[in-house]
Amino acid sequence: MKPIAMVLVALACGAALSRADAAPPTVTPSPGYDARLKEERAARSAQPRYEGLPQAAVRLHSQRIRHHRHTR
């Protein structure tokens, strides 16, 4: 009985360590998705880019006033 158990354990370990060759659907190339990406990129590059003036920084807190002591 022990040799059969050892064979089963060896097969289970071998199956656990073997690689799976299946690829998820996100890895396989999709012609429709690639075409849609190309269209979006072409439309994005055709739009004029507006680079306006940078906005001035807005102070959220008032500046702290520090009074220095005169030492003699």
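Since every read-out is calculated from the coordinates, none of them should be taken as a lab result. Given the structure is predicted, the values throughout are model-derived calculations rather than measurements. For neighbour counting, all protein chains shown are included, and Cβ atoms are generated from backbone atoms with ideal geometry for every residue, glycine included.
Compared with the alpha-carbon gap, the fully stretched path from Val7 to His61 is longer by 12.0 nm at 0.36 nm per residue. What shape does the chain have by the C-alpha gyration tensor, where a ≥ b ≥ c are the square roots of the eigenvalues, rounded means a/c under 1.5, and otherwise prolate means a/b greater than b/c and oblate the rest? Because a/c hits 1.5 or more and a/b fails to exceed b/c, the chain counts as oblate. Among Arg19, Arg36, Arg59, the largest mean-square fluctuation in a Gaussian network model of the chain, built with springs joining Cα atoms closer than 10 Å, belongs to Arg59. Ranking Ser62, Thr26, Ala16 by Cα position along the charge dipole of the chain, where only Lys, Arg, Asp and Glu carry charges on their C-beta atoms, puts Ser62 farthest toward the positive end.
Taking the longest Cα principal axis of the chain as reference, the axis of helix 31-46 is set at about 10 degrees.
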